[in-house]
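To start, the structure itself, in structure tokens.
The values are calculated or read from the model by the stated rules, or taken from the named source; none is laboratory data. Since this is a predicted model, take the numbers as computed values, not measurements. Don't worry about glycine lacking a Cβ; one is built from the backbone with ideal geometry, like all the others, and counts go over all protein chains shown.
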Amino acid sequence: MERVLNDRDVHAVDGDTRRKILLILLERAPVTASEIADELQLSTVGVRRHLDNLVEEELAEAAAPRQNPYEPKTRGRPAKSYRLTDKGRSIFGHEYDLLAVAALHTLRDVGGDMAVRKFAQKRIATIVEGVTPGHESDQSIEDTAKSLVEAFSRHGYAATVETVGNGLQICQHHCPISSVASEFPELCEAEHQAVSELLGQHTQPLATIADGHGICTTNIPLTPIKHS
């Protein structure tokens, strides 16, 4: 006998779908309704309904489509893409921001800029602890990048890595300390330095959430640096 969904069941299904869409917007943005529909195996019309609701609630917004400089431009109007707003990102938590900012201001007052840099370096060392530097093992740069992504994701960064042209890009779709990092860029600088050292590779920070971008993006040209 086929089970008939009551109103409570429908709301539960809608709520689960909404959470999945929010997570995809966090991890994949900018993303189109059809891309979300394909991943969740839903109708594009149904996904658009959820996206319209999220936009109306100011949790999501239209965004420029992802650009790959290595792919030829296509004719016609690109499909509409979406990303989370700051309000939407706040769903995933920005705990203790005010306390952290106050503490770092006090640290700077007491120990100067060097004390803040030392704190930032110690913090990122804790996050990437267990990631073996690429030049100390037989693993490829790609494998080291994947290990870094896993480490960042365990600490709330919703990180991914993908191949773009002749290089890699590490993308962090959420930054749990973005409000703090906007006042203390030393946190981002220490992170970029740690990533470069672990990869044994020059990296190019392209964008950060702390500076108002939707994603933190680090480009990794596949040209190793020499170690003495």
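Details
- Check on L51, surrounded by 14 or more Cβ atoms within 10 Å (Cβ to Cβ), under 25 Å from G212 (Cβ atoms) and at pLDDT 90 or above: yes
- Unique match (being closer than 20 Å to P30 by Cβ, modelled with pLDDT of 90 or more and aliphatic (A, V, I, L, M)) among L148, L168: L168
- Qualifying residue in the range 211-220 (condition: surrounded by fewer than 19 Cβ atoms within 10 Å (Cβ to Cβ) and at pLDDT 90 or above): yes
- Positions within the range 166-207 being within 16 Å of K118 (Cα to Cα), in a loop (DSSP other than H, G, I, E, B) and free of Cβ contacts under 8 Å to residues at least 60 places away in the same chain, in sequence order: P185
- Checking each residue in the range 143-165 for being over 19 Å from A190 (Cα atoms) and surrounded by fewer than 14 Cβ atoms within 10 Å (Cβ to Cβ) picks out D143, E162, T163, G165.
- Unique residue being surrounded by fewer than 19 Cβ atoms within 10 Å (Cβ to Cβ), touching an Asp or Glu at 6+ places or on another chain (Cβ under 8 Å) and part of a helix (DSSP H, G or I) when the list is R117, R123, R108: R117
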